[in-house]
Amino acid sequence: VSIQAPKGTRDFYPETQRIQNFIFEAWKRVCLRYGYEEYEGPIFEDLELFTGKSGDEIVTQLYNFQDKGGRDLALRPEMTPTLARLVNQKGQNLRKPFRWFSIPRLYRYERSQKGRLREFFQLNMDIIGTDSIHAEADLISAIIALLKEFKLEAQDFQVGISSRKLLAAVLSDIGISDSATVLPLLDKRAKMPPEKFEDSLQELGLNSEQINSINEFMKCTHLNQMKTLALSDNAKKALEELEILFEILTESNLEQYIAIDTSVIRGLAYYTGIVFEVFDKNKSMRAIAGGGRYDNLCEKLGGDPVTGVGFGVGDVVLKDLLSEKNLLPLSDLNGPDFYLIDFGENFRTLFAIAAELREQDICCTHDLVPKKIQKQLENAHKSGAKHVLFCGSDRSGSDQYEVKNLQTGVQKTIQRQNIKAYLNEQPE
Ligand code: HAM
């Protein structure tokens, strides 16, 4: 009869929240190091913001509802439409280009499976308002830095990069002008037997020559293989963009983290240019991160034609990978500076002493009901406190405290006014 947490959600007890904070703090550090500014939006949005723009899959996964005023709303399944809305709202008043980041809590009615939940967090980094491939370079460099911040290395993950623009141009060159019908199949290609893939393309009306060309393209793992397939001006331009991107990343010593990966199509409908996904090196897990360029989203949502590029990295797969590689902090209990121990003379004086310490920006805590000294010491250890401060002991007069460093075991008497100095001189 007891009520459980809804399927696909997680509870964050303090020990799990500590790990969550460790991840968020690292994310934030890297974003700020790269000069991105933080923004936020509402957790629920007008349903219309997501229907028709994000792509069919995400729409079937929406948590939508009517509020008491009969408005159709949805919990946000991703941040990009909200970002586009923010951009549209301010229009010309936003100085572009700009780099923003956000760490939203997101909701998708997914089939619960490893790496995919119904409620999760996702760091978003986006650059709005420039066509330049330098934006992609900035973002891909950032995502590599982000994963390296957790001590993940080139043997642990890879950024697979492709170009929807190049793919669309190659398809158009072989007579397929509407790539929208073929993209979902290409997206699933790696997961189906080759014959089934070819049969499905045939069912869409493609001839064997077209199917061969598609297979040729999909087999490319290097830029120079793509060269022989990019024949039209459009295809050449799209390829040139990819080449510049790889050059910049190589010049930044990041070539060991990146690879051409034509299987990266991206499920979301709004991508128009470079697309990329990050996978663990064996591709044994779901994607760690994904993103790309979206030229028309702002316009489709009623704003000016403003281009954007960005990515999202979720907390779920990342945490699985870090746990597998033993890179999560195990006992990062960051307890208070002091645990106040009462010698049983006047328990209530603890509150006054604690208040005095906190005024000086010193973190401290104590028991809430009188306990034996032994029990209080146990609680001090459990709290992760770095020191104990004995209150009301024989030796601690009104202007002196007896203190003990719980790590070193060193005990001494200090003047009441020197307590901050005592903390400052402790070894880390
Ligand atoms: P996405 O590929 O849908 O892209 O999600 C990006 C990442 O979020 C995934 O690689 C995964 O780590 C995480 N993720 C997605 N769904 C779930 C889930 N159900 N449970 C746990 N983690 C999940 C986007 O959302 C784009 N809006 C990203 C973007 C930003 N594109 C441009 N800017």
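Since every read-out is calculated from the coordinates, none of them should be taken as a lab result. Note that the coordinates shown come from a computational prediction; the quantities given were computed from them, not determined experimentally. Cβ atoms come from the backbone with ideal geometry, glycine included; neighbour counts cover every protein chain shown.
Data for the structure
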read-out	value
Neighbour-limited loop hits for GluC sites (Glu not before Pro), the stretch 101-183 (at most 11 other Cβ within 10 Å; DSSP other than H, G, I, E, B)	none
Cα gyration tensor category, rounded, prolate or oblate, for the stretch 169-291 with a/c compared to 1.5	oblate
Highest average packing first - 8-14, 39-45, Cβ atoms within 10 Å	39-45, 8-14
Per residue Cα convex hull volume in Å³ - calculated over the chain	216 Å³
Descending semi-axes in Å of the stretch 212-353, equivalent ellipsoid built from Cα gyration tensor	51, 21, 14
Ordering of 369-375, 261-267, 85-91, 336-342 by packing [mean C-beta count within 10 Å, highest first]	336-342, 261-267, 85-91, 369-375
Gyration tensor (alpha-carbon) shape descriptor, the stretch 22-93, a/c threshold 1.5	prolate
Of Lys375/Lys404; Lys165/Lys236; Lys196/Lys281; Lys114/Lys283; Lys7/Lys28; Lys191/Lys219, those spanning more than 22 Å from alpha-carbon to alpha-carbon	Lys196/Lys281; Lys7/Lys28
Beta bridges per DSSP with both ends in the chain, % antiparallel, nearest 5	80 percent
The stretch 1-126: C-alpha gyration tensor shape, a/c 1.5 cut-off, then a/b vs b/c	oblate
Over the stretch 204-249, equivalent-ellipsoid semi-axes from the Cα gyration tensor in Å	24, 12, 8
Most mobile listed residue (Cys364, Cys220, Cys298) in the chain, GNM with C-alpha springs under 10 Å	Cys364
Cross-link reach list, aspartates and glutamates versus Lys386, counting only Cα pairs under 12 Å and skipping chain neighbours closer than eight places	Asp337, Glu428
Gap separating the Cα centres of the stretch 296-374 and the stretch 59-133, nearest whole Å	26 Å
Charge dipole magnitude, Cβ of K and R +1, D and E -1 - the chain, Cα centre, debye nearest 20	1120 debye
Using distinct alpha-carbon pairs, which all enter the 1/r mean, Kirkwood radius of the stretch 84-139 in Å	13.6 Å
Mean residue ellipticity (222 nm) of the chain, computed from DSSP H runs ≥ 4 via -39,500 (n - 2.57), nearest 500	-11000 deg cm²/dmol
Projected area, mean over directions - the stretch 277-428, Cα convex hull, nm²	15.8 nm²
